[in-house]
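J.: Pasting a structure below so you can have a look.
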Amino acid sequence: MTDVTASTGETPNLVQRIRRDYSPLVIGMVGLFLLVFVAGAAFTDDFLTWFNVKTIIRDAALVGIMAIGLTFVTLSGNFFLLSMKEIAALSIICFATLMSADWNQWGTIDADPTSWSLFMTFLVAFTATMIIATIAGALQGALIGLGGNPIVVTLGAAGLFFGIGSWWSDNLVVSYRRPHGAEWLGTGSFIGDIPNITVAFVIIAVVAELVLRYTTFGRQVYLVGANRAAGRATGHENFGMAIKCCIIASVCAAFVAVAFSGQVSSAHVNYFSSEFGSSGDMTIMVIAIVMVGGNSIMGGYGSTLRTSLGAIFISSIDNMMVLNGFNSGARVLAVGLMIVFSIIVFALVRRGSRAVE
Amino acid sequence: MERLKNWVTENPDLSFAILLSVSVYTFFAITEPLFFTHRTGFAIMERFAVLGLVGLALTLCIIAGEIDLSIGSNAALAAVVTVRFTDDWGAINALLFALVISTSIGAIQGYFIAYLRIRAIVLTVGTLMLLRGVALFAAEEKTVMLTDFRIPDFISTKMLGYFSPASLLVIAMFVAVGLFMAFTRYGREIYAIGGARKEALASGVSLQRPMIIVFAISGFCAGLGGVIIGLRSGTAQALGLQYLLLAGTVAAFIGGVSILGGKGGVIGAAIGTLTVNFLNTGLVFNVTPSFMVQLYLGILLLVVIMFQTGSRVFEERQRRGQLLDDVDRRRRILSDKIAGLRRPSG
C-alpha cells in the first residue's frame, strides 16, 4: 500500500476510493452518463411520480428475474446463455398446455379465483415446468462443463428448445380461461397496490445476493469464475458449477415464463422474441442488463445486486424514452449503445490490471 | 488409392464433412424423387448464395478464435439500407453504400476487439442489439419494399445451368477468400492468432491487423448476404434474418472448424454450407415447418459440439495418462537403480 491515506491509517472515504480505483476517463464517462440520466429525469414530466416508479419496477421485474439467474452463469465464468428466451418459450408452452389440460382440472370449472382446485392446477403445471427447465439447464450445463463453448452450445440448444416448443404447441397460441390459478402471480397484488411480480423480483434479488455473499456455494461461484485453475486445484471443477448455474438460470427463466403466462392467460413460442415485444429480443435484453449492471463478463466479479440495479436502470431509461415519445427503434438503439458503452468502460477499467487472454 | 488414404488421414475433419454431405444428399435423392433434379439443384445454389456467405464469415471468425454474433443484425441492416435507397439512387449505388457500411462496421468491431483486448463475443453481443436499433431506425420500424421489380428478376436469372448472378458472385467470393487465406501472409496471420495467440503475439504478429481483416471480411460477407436477400425478395425487415447465425454456425462446425481456433478452411465452409442446404431443401420437400428445421439444426450443432468436446477431453485424458505412465516408468527405473546401488554396500 503506497497510498497516502492508507499509510496514515485512515480509511479512505468514498471519493478517494473512487479516484484511486478508476481512471479519470472512466469516471468522466460514467459521470456523463449519470448526468444525462438525471437531466432526463428532471425534464421529463410525470417521470418522478409514485405511479411511474411502480411501473418502472414492474417492467424491470420480468427481465430482471431472468437476468439475476443469468448472473450466476456469468459470474462462474461461463459467459452467458444465448438460449434464455428459448428456455422461457419452452417453459411457457409447457405451463400453458398443462394449465389447459383436461386431466389437470381438480374441481368445478366455475370456481372462485382463490379456490384450492385452481391452485392445485397451478401447482401441477408449475412443478412440471420447473422440472422441464431443470432438465434443460442441466443438459446445457453438462455440455458446457465438459468443455464445450457456452455460446455455441447454447446456440444449438436454443434451436432445439424453440423447435420442441413450437412442435409441442403446433406453433399456435395456447390459451386457458380466467379465472385460473396463476392470476395471483401474474396480475394480483397482496401488499396494497404493489404487484406480486414486483415483490417476487425483490425477494429473488435479495435471496440471490445473500446466497452469493454468505453461502459456500456463492463463494465457489466467484472462485470458479475468477480463476478456473485455482478452482480445479482446490477441487471445484467447472463441471458441477456449470450445471448448477445453468439450472439456476433456466429455473429463473421458467419462473418468468410462468408469471408472464399468468398475465396474459396464454402462451406462444414467440412471446419472448423481438417479433412480439417492441423492445428487442429477450435474450439480448437480459444479457444487456447483466452487462450494463457492471458484472465482468469474464466472470468472478460482480453481483446480483448490480444486475437488479441494471434492470431498473434500463427500465427507467426505456420508460423515460417512452414518455418522451420515442419509437422502438430509438429505444433499441439506446439499449445497444448502453451495452457497448458498458463493455468499453469495463475493458478500460480492466486494462492493465490483467494480462492478455 | 494410397494417396486418397493419406489425404483422409491428413484431413479427417474435411473427409468427415464430405462424407456427411454426400450421405445427406444421397438420402434425400433416394427418398425424394424430385430432389435429384435440375431445378432443385438451382434452388440449392440459390440458398447457397446467402448461407454460404454467412458460413464463410463465421468460419473465418472461428479460425481466428472468435465468434461474430452480430452477423444477422449486420445483414439485416445492409438489406434495409439497400432496399430503402434503391429507388432513389439505383441498385448499384445503394448496394455499394450498404456494403461500405457493413464492411466498416466489421472493421471497427475488429479494431475495438484488438484495442480493448476483449473477446469478440462480448463486443458483438452489444453490437447485435445496437445494429438492430440502427436498422429499425433506418427502416422507420416498417417493412421496406422495392417498387421496381426488375432487379429481383435479374438476380435470379438462370446462368450456366445451375447458377444465378448471385451464386456466381458468392462462388467468386469463396475462391478469392480461399486464395487469400492460403497464399498470403495476412491469411497465415489469421490462422496464427487463432491457433496459438500468445505464441503469435510473442513472435511479432500484431493482433490488430488480422482482427480488423477478419471482421471486415465478416462484415462484408454479412452485408453481401443481406443485400442479396433484400434485393432478391424485394423487401427487408429490420428484425429479420435472425436465423442466419444458427445456420451459419452449424455450417462452419460441420466444415471442420474447432472452437479453439486455427483449424478449418474455406473448402470446409463450402461443404458445411452445402450440407445444411441439402438438409434444408430436403426437409422442405417433406413439408416440414421451419421450426422443425431449426430443431434439426440445433440437434446437429449439439452433436457436432459433443463430438468435438468429447474427442478433446478423451485426447487430454489419454495424454495425461501417458504422462503419468511415463513418470511411473522412470520412477521405477530410478528406484530399481537405487536399490541396485544400495545392495552391494549393505
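J.: Under the rule a/c < 1.5 gives rounded, and otherwise a/b versus b/c splits prolate from oblate, where does the stretch B:102-212 land using the Cα gyration tensor?
T.: Since a/c reaches 1.5 but b/c is at least a/b, the shape of the stretch B:102-212 is classed as oblate.
J.: Residue A:85: which aspartates and glutamates have alpha carbons under 13 Å from its alpha carbon, excluding same-chain residues fewer than 8 sequence positions away?
T.: A:275, A:281
J.: Under the Kirkwood approximation for Rh and a Cα-based Rg, what ratio Rg/Rh is obtained for the protein assembly as shown?
T.: Taking Rh as the inverse mean 1/r over Cα pairs, Rg/Rh reads 1.00.
J.: Among the lysines, which have Cα under 27 Å from the Cα of residue B:198 when same-chain residues fewer than 8 positions away are ignored?
T.: Residue B:198 reaches B:263.
J.: Let me ask another. Can you work out the Karplus-derived ³J(HN,Hα) for every residue in the stretch B:316-325? Use 6.51 cos²θ - 1.76 cosθ + 1.60 with θ = phi - 60°, whole Hz, and x for glycine or proline.
T.: Using θ = phi - 60°, the values come out as 4, 5, 5, 5, 5, x, 4, 4, 5, 4 Hz.
J.: Starting from the Cα gyration tensor of the stretch A:202-357, take the square roots of the eigenvalues, sort them a ≥ b ≥ c, and report rounded, prolate or oblate (rounded when a/c is under 1.5, otherwise prolate if a/b is larger than b/c, else oblate).
T.: oblate
J.: Using θ = phi - 60° and the Karplus form 6.51 cos²θ - 1.76 cosθ + 1.60, what ³J(HN,Hα) does each residue of the stretch A:314-322 get, whole Hz, x for Gly and Pro?
T.: Per residue, the Karplus-derived 3J(HN,Hα) values read 4, 4, 6, 4, 4, 4, 4, 5, 5 Hz.
J.: For chain A, set up a Gaussian network in which alpha carbons nearer than 10 Å are linked by springs, and say which option among A:34, A:98, A:146 fluctuates the most.
T.: A:34
J.: If I take every Cα pair under 8 Å that is 6 or more residues apart in the stretch A:61-275, average their sequence separation and divide by the length, what percent do I get for the relative contact order?
T.: Dividing the mean separation by the residue count of the stretch A:61-275 yields 44 percent.
J.: Specify the inter-centroid distance of the stretch A:72-144 and the stretch B:249-269, based on alpha-carbon positions, in whole Å.
T.: Using only Cα atoms, the two centres lie 36 Å from each other.
J.: Check residue A:106: other-chain or 5+ apart residues with amide H under 5 Å from its amide H, H built from backbone geometry?
T.: A:121
J.: Using θ = phi - 60° and the Karplus curve 6.51 cos²θ - 1.76 cosθ + 1.60, what whole-Hz ³J(HN,Hα) does each residue of the stretch A:209-218 get, with Gly and Pro shown as x?
T.: 5, 5, 4, 5, 7, 10, 10, 4, 4, x
J.: Using the scaling law 2.2 N^0.38 Å as the reference, what is the normalised Cα Rg of chain B?
T.: Dividing the Cα radius of gyration by 2.2 N^0.38 Å gives 1.19.
J.: Ranked from highest to lowest mean number of other Cβ atoms within 10 Å per residue, what is the order of the peptides A:239-248, A:48-57?
T.: On the way: A:239-248: 23.4, A:48-57: 14.0.
By packing density, highest mean first, the sequence is A:239-248, A:48-57.
Read-outs throughout are calculated quantities, based only on the coordinates presented, and are distinct from any laboratory measurement. Predicted model only: the values in this text are computed from it and were never measured. With ideal geometry, Cβ positions are generated from the backbone for all residues, glycine too; neighbour counts draw on all protein chains shown.
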